[in-house]
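Asker: Have a look at this one.
Here, each number is a calculation from the coordinates, and none is a lab measurement. As the structure is a computational prediction, the values presented were derived from the model and not from experiment. So basically every Cβ, Gly included, is an ideal-geometry build from the backbone, and we count neighbours across all protein chains shown.
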Amino acid sequence: MLFSKRRFMGVLAASMVASAPGYAVADGWTPRKPIDFTIMAGPGGGADQIARFIQSVAEKKDLTNRPLVPNNKGGGSGAEALIHVSGANDPDHTILVTLNSFFTTPLRQENLGIDIQTFTPIAMMGVDPFVLWVHKDAGITTFEGYVEEVKSMNGEFVMGGTGQGQEDSIVIAYMSDAYDLDIKYIPYSGGGAVAKDLAGKQIMATVNNPAEAKGFYEAGDFVPLLAFSDERMPAYPDVPTLKEKGHDFSYYNQRAVVGAPGMSDEAAAYYQDVFTQIFESEEWQGYLDSESLSPLWMDASEQQDYWGLQVENHRKLLAALGE
Amino acid sequence: MEVLALLTDGMLVALQPLNLMMIVIGVSVGLLIGAMPGLGSVNGVAILLPVTFLVPPGAAIIFLAAIYYGAMYGGAISSVTLGIPGASTAVATTFDGRPLAIQGRASLALVTAALASFVGGTVANVLFTLFAPALASVALSFGPPEVFALMLLAFATFVGLGGDDIPKTVFSICFGLVLGSVGFDQISGAPRLILFEMNGFLQGIGFLVLAIGVYGIGEMLWTIEQSRGAVTKTTPKMTVKGMVSDAKDATKRGWKGTFVGSFLGFFVGVLPAAGATPGSLMSYGVTKMISRKPESFGTGNPDGVAAPEAANNSASTGSMLPMLTLGIPGSPTTAILLGGMVIWGLTPGPRLFVDEQEFVWGLIGSFYVSNAAAVLINLAFIPLFIWMLRMPFTVLAPVIFVLSIVGGYAATRDMFDIWLMVIFGIGAFFLRRFDYPLAPAVLAIVLGPIAEPTLRQSLLLSSGDPSIFFTRPVAGPITIIALILIFLPAIKLFRGKRKTASDVNSG
Amino acid sequence: MRNGEIITAGVLALFSLYLMWKSAELPIGYIAGQGPGGGAWPFWLAVMMLLSCVMIAWNWWRGVSPPSQSDAPVLDSYGWKMLALVGGGIIAFVGLVNVISMYGAIAVFLLYYLKYLGRHGWFLSLTLALVLPVAFFFFFEGAMRITMPTGLAFTDPVFNILYEIIY
């Protein structure tokens, strides 16, 4: 048999659930066209996987009467997606899956003229923490050991990441500054490529979301040294946080869904209802759990406050990076 | 031997009635998607998702494998019949496939492509079955310097592909490379070459935009202009007997290319960063190099169809390897498949091969069956495509234009790119008039975005010291071979020129 | 052809210069310890493009490349007419996409090409011009889940009915 019985039964149960359509009951507005589900990253990365997972849950539960059509626009660190969505001629049918480039890209490229506060808040699906990883063959088991190793290599310690100004580089920059580390940073096209080159020992350490390193961690290849979360992560209870080390710094990648600027209140209410159902679904909660994301549920006005706060934080962090 | 038992189980599962039906539907749909310029196996996944919730996951995986194979076979169809490479992996197929079609031998080209694809896919499956874990570690040993060396080798193999006019060929290569660097500088994270300050360039210029522009529009305009309005109609005949003799012909004249493509394609495809396009190019180049009649390439040599087709099938199968053994996607399609596995509750990564043997071998088993089904269904469809070619040109031409625009939009979802495509098309028409070869530009736009970041990553690793390409054990030999291949024609040319010059002087 | 060859080379040389200038917005030199800067790759390739254009011009001056020896016009009257009718048709097609939707534009283009340029009968022209867009609609929107531009708002009622059918 190709599949274990347990998994087969699980799918069977899921398909029975799916046969009872659960259209969002927001009376009045429903989408009339396919919904443009823009993704702020190219196909295959962490953000894309999450977006497609969300889409598949919506599909499976038949939550929308028109399909969510994934549309990858990863160019220019998400600038392409922001321009596409803010210029959408049908804002009621255009939504965007974001990551932190939602905050950083408008800051780094001010000439785009994007004001993220004009976007319509829909749902905060969760936040993805960052973890510092090394290869097991490096023989480093603690963060202190790592700091020592980096210092002893005098600028020859190589780390990989997804690029200057990207989430992981912000974390690395903060850490280097706090511990006076001199690190050689190699930018890659995506989290998968970074993980691959750490596995192949082309680079010595990475700061990555657990989802992208999990497979290698389970195989015993990667060793987590430090988490950049507020509290220790349930999946990695032995890994200390930077906060425990006495630095008041935590950093998460947001996994949020926002609507195009100018979306009508009725449409926003509809999508908020749909994504609340997805957020509460067993599948999404299971995903949060297995991929070590933290839920961070917020209502619309809380989200807008959160955006303001994040923009200010990133302005400082990017300024410290010299951007 | 446990592996063989699992594999046999997987194949037997694939042969169950429901699953066999999924294979037939999947291959046919995949063939259609692959034959559309602009659409490829990535789009097949869009169909897959809803299906996943209707049938058991086992059947869904089989359906996916079938679409994947169908689309790979289909890529050759648009290269041969329409002259538009539907995917970057099928560019090299146009070099000889298109001339064959123009000579009225489209069926030979399509049969060769189908048979070569089948052999390539089978060789890859067998290599996969036997050596998967060992090859995974080879894939990991390829860091940025190795990938760059490989790109250099790919460039070296197509140095000879340009026209006779060397400055125009060099121009074309450089032009393609510059276009490939538009949009975004990965290393510094800064926007780059946003031409005329138009935001549409932020996303860069995709391969398909240039390829559809050059082939779908430029080449079509050229053909219309050359035919002077005469109703040129190739009347390819299609009989069972003809197909059998084509098959014989294909075997006789395409075995060398098939052989080279099957193995070379697989090894290049296994490397996560490289993928099927360099694999198919290098196979074409190598087959041409070892051929006794290299000058017949580009004029309709079946070897020139067989090599890239065997290679792209083999490489596409090979690109599954890093995904299954390491959890690293080698291509956008495998990336989405990886996402699908998360949805099915599997954890991609090195443990997958150990923990989920049933899944992995079931998938590979269905590859074998899908590949066999795909070659049969493809052969059965060939008469349909040949029949399409018999349409009067005044019907075929507008249909090709429409396919180009619709397919281009489906691939990029941006009208800006469509306008760019039209501009490239009309530009290509004029450049073609002045003997500028454009295939090098189309290839360069694929390889450039792999070559440049790996070059700079390597130099960052070595603190700016270029000797890194020569001192690493894997990168070193590849770089040296590539440099020899690049400079060999130049040396030959130089010596040849001196010789003719001295002949002139003495005579 | 002879004039066309040098004009083309000149235009391409100007374009190369523009690319060089544009690349120079990012560092184009070799940064010590890091390798080439962000603009180096396109800049030096654009330099090679420019050099190629110079070589092409040199070959033109010496008259060694085939186009530089030919006195034939770049395009004769037929060629220009063809380019205007077919190329212009494609440009109009793409322009219409944002007005009367992708499918509407396909229908208009096919009708124009088949009836006016191809001189086919009304039956064939109309059949193809109607069947192909409809088939594409069900293929792309229904099966592939790829939404094409729907044009200006006045097409909405039609698409709402069509979406109602497929979803």
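Asker: Specify the residue with the greatest mean-square fluctuation among A:Leu242, A:Leu112, A:Leu63, computed from a Gaussian network of chain A linking alpha-carbon atoms under 10 Å apart.
Answerer: Evaluated over chain A, the most mobile residue of the options is A:Leu112.
Asker: When the distances between all Cα atoms of the range C:1-72 are binned every 10 Å from zero, what whole-number percent does each bin get?
Answerer: 21, 37, 23, 14, 5, 0
Asker: Would you mind estimating how fast chain C diffuses translationally, via Stokes-Einstein at 20 °C and 1.002 mPa s with the Kirkwood radius over Cα pairs, in µm²/s?
Answerer: For the chosen part, D equals 104 µm²/s.
Asker: Using a/c under 1.5 as the rounded threshold, could you call chain A rounded, prolate or oblate? The axes a ≥ b ≥ c are square roots of the C-alpha gyration tensor eigenvalues, and prolate needs a/b larger than b/c, oblate otherwise. The partial results should precede the final answer.
Answerer: Numbers: a/c = 2.17, a/b = 1.42, b/c = 1.53.
Since a/c reaches 1.5 but b/c is at least a/b, the shape of chain A is classed as oblate.
Asker: Shifting gears a bit: So how strong a dipole does the range B:62-186 carry about its Cα centre when Lys and Arg Cβ are +1 and Asp and Glu Cβ are -1, to the nearest 20 debye? Can you show the working numbers first?
Answerer: Working: 3 positive and 5 negative charges, 62 e Å.
The calculation lands at about 300 debye.
Asker: If you don't mind, another one. Along each of the three principal axes of the Cα atoms of the range B:1-132, give the extent in whole Å, ordering the values from largest to smallest.
Answerer: If we take the Cα atoms of the range B:1-132, the spans are 48, 35, 24 Å.
Asker: Next up: R0 = 56 Å: FRET efficiency of B:Leu18 with A:Asp115, Cβ-based, nearest 0.05?
Answerer: Values: r = 53 Å, r/R0 = 0.95.
So the FRET efficiency works out to roughly 0.60.
Asker: List C:Ser16, B:Ser79 from most exposed to least, where exposure is judged by having the fewest other Cβ atoms within 10 Å. Working shown, then result.
Answerer: Details: C:Ser16 24, B:Ser79 33.
By the 10 Å Cβ count, ascending, the order reads C:Ser16, B:Ser79.
Asker: Further, regarding this structure: Using all C-alpha to C-alpha distances in the range B:326-448, build P(r) with 5 Å bins and read off the rounded percent in each one.
Answerer: Binned Cα distances yield the sequence 2, 7, 9, 12, 13, 13, 15, 12, 9, 5, 2, 0.
Asker: At 222 nm, what helix-only mean residue ellipticity would chain A give, in deg cm²/dmol to the nearest 500, using -39500 (n - 2.57) for each DSSP H run of four or more?
Answerer: Details: 11 runs with 133 residues, N = 323.
Taking each H run of at least 4 residues, the total per residue is -13000 deg cm²/dmol.
Asker: Quick check: the angle from helix A:46-60's long axis to the longest principal axis of chain A, C-alpha only, nearest 10 degrees?
Answerer: Tilt relative to chain A: about 30 degrees.
Asker: Let me check against my output: what whole-number percent is the relative contact order of the range C:75-167, with C-alpha pairs under 8 Å and at least 6 apart? Intermediate values should be presented prior to the final figure.
Answerer: Working: 73 pairs, mean separation 28.4, N = 93.
Value for the range C:75-167: 31 percent.
Asker: Roughly how far apart, in whole Å, are the Cα centres of the range A:169-191 and the range B:100-115?
Answerer: 54
Asker: I would also like to ask the following. Under the Karplus relation 6.51 cos²θ - 1.76 cosθ + 1.60, θ = phi - 60°, what is the ordered set of whole-Hz ³J(HN,Hα) values for the range A:106-114, x standing for Gly and Pro?
Answerer: My calculation for the range A:106-114 gives x, 6, 7, 10, 5, 5, 5, x, 9 Hz in order.
Asker: Still on this structure, please answer the following. If you wrap a convex hull around the alpha carbons of the range C:75-167, what volume per residue comes out, as a whole number of Å³? List each step's numbers first, then the result.
Answerer: Values: hull volume 9.3 nm³, N = 93.
Per residue, the Cα convex hull of the range C:75-167 comes to 100 Å³.
Asker: Let me ask something else. State the antiparallel share, in %, of DSSP beta bridges confined to the protein assembly as shown, rounding to the nearest 5.
Answerer: Details: 27 of 44 bridges.
Of all bridge pairs located within the protein assembly as shown, approximately 60 percent are antiparallel.
Asker: Rounded to the nearest 0.05, what FRET efficiency is calculated for A:Thr142 and B:Ser467 with R0 set to 30 Å and r the Cβ-Cβ distance?
Answerer: Details: r = 35 Å, r/R0 = 1.17.
About 0.30, to the nearest 0.05.
Asker: Would you order A:Val258, B:Val474 from fewest to most other beta-carbon atoms within 10 Å of each residue's own beta-carbon?
Answerer: By the 10 Å Cβ count, ascending, the order reads B:Val474, A:Val258.
Asker: Here's something else I'd like to know. Would you work out which of C:Met148, B:Ile382, A:Phe157 lies farthest towards the positive end of the dipole of the protein assembly as shown? Charges go on Cβ: Lys and Arg +1, Asp and Glu -1.
Answerer: The one lying farthest along the dipole's positive direction is B:Ile382.
Asker: About the Cα centre of chain A, how large is the charge dipole given +1 on each Lys and Arg Cβ and -1 on each Asp and Glu Cβ? Please answer in debye to the nearest 20. Intermediate results must be reported in sequence, preceding the final value.
Answerer: On the way: 23 positive and 43 negative charges, 196 e Å.
With Lys and Arg at +1 and Asp and Glu at -1, about 940 debye.
Asker: Short version: ³J(HN,Hα) in whole Hz for each residue of the range A:197-213, in order, from phi by Karplus 6.51 cos²θ - 1.76 cosθ + 1.60 (θ = phi - 60°), x for Gly and Pro, what are they?
Answerer: Calculated HN-Hα couplings, in order: 6, 6, 4, x, 6, 6, 10, 9, 7, 9, 10, 9, 5, x, 4, 7, 10 Hz.
Asker: Let me ask something else. Indicate the helices, whole DSSP H runs only, in chain B that combine a mean Kyte-Doolittle hydropathy of -0.5 or more with a Cα extent along their long axis of 24 angstrom or more. If you can, show how the numbers build up before the last one.
Answerer: On the way: long enough: B:17-35 (27 Å, 2.09); B:57-77 (30 Å, 1.44); B:106-140 (41 Å, 1.82); B:240-270 (38 Å, 0.26); B:357-389 (45 Å, 1.48); B:393-412 (28 Å, 1.93); B:415-433 (28 Å, 1.47); B:439-461 (33 Å, 1.27); B:475-506 (46 Å, 0.77).
Taking the DSSP H segments of chain B (at least 24 Å long, mean hydropathy at least -0.5), we get B:17-35, B:57-77, B:106-140, B:240-270, B:357-389, B:393-412, B:415-433, B:439-461, B:475-506.
Asker: Output the 0 to 90 degree angle, nearest 10, between the alpha-carbon long axis of helix A:5-18 and the longest principal axis computed from the alpha carbons of chain A.
Answerer: 40
Asker: Are there trypsin sites (Lys or Arg not before Pro) in the range B:277-366 that DSSP marks as loop and that have at most 15 other Cβ atoms within 10 Å, and which are they?
Answerer: Working: sites: B:Lys288, B:Arg292, B:Arg351; in loops: B:Arg292, B:Arg351.
Within the range B:277-366, the qualifying trypsin sites (Lys or Arg not before Pro) (loop, at most 15 other Cβ atoms within 10 Å) are B:Arg292.
Asker: Around A:Trp284, what is the net charge, scoring Lys/Arg as +1 and Asp/Glu as -1 over all other residues with Cβ under 12 Å from its Cβ? Please report the intermediate quantities before stating the final value.
Answerer: Working: positive: A:Lys60, A:Lys61, A:Arg255; negative: A:Glu280, A:Glu282, A:Glu283, A:Asp289, A:Glu291.
Charge balance in the 12 Å sphere: -2.
Asker: May I ask for the percentage of alpha-carbon pairs in chain B that lie more than 33 Å from each other?
Answerer: Numbers: 48290 of 128271 pairs.
So the portion of pairs separated by more than 33 Å is 38 percent.
Asker: Taking chain C as the reference, fit the longest principal axis to its C-alpha atoms, fit the long axis of helix C:40-62 to the helix C-alpha atoms, and give the angle between the two in degrees, 0 to 90, nearest 10.
Answerer: 80
Asker: Counting pairs of alpha carbon atoms under 8 Å apart in space and at least six apart in sequence, what relative contact order in percent does the range A:105-219 give?
Answerer: Details: 131 pairs, mean separation 36.7, N = 115.
Relative CO of the range A:105-219 lands at 32 percent.
Asker: Can you give the convex hull volume of the alpha carbon atoms of the protein assembly as shown per residue, in Å³?
Answerer: Details: hull volume 167.8 nm³, N = 997.
Residue-normalised Cα hull volume stands at 168 Å³.
Asker: Oh, and also: At a Förster radius of 45 Å, what calculated FRET efficiency corresponds to the Cβ-Cβ distance of A:Asp248 and C:Ala24, to the nearest 0.05?
Answerer: Working: r = 42 Å, r/R0 = 0.94.
The formula returns an efficiency of 0.60 here.
Asker: Can I ask one more? Per residue, what volume in Å³ does the Cα convex hull of the range B:330-383 take up? All intermediate terms of the calculation are to be shown ahead of the outcome.
Answerer: Details: hull volume 5.4 nm³, N = 54.
Convex hull of Cα atoms, per residue: 101 Å³.
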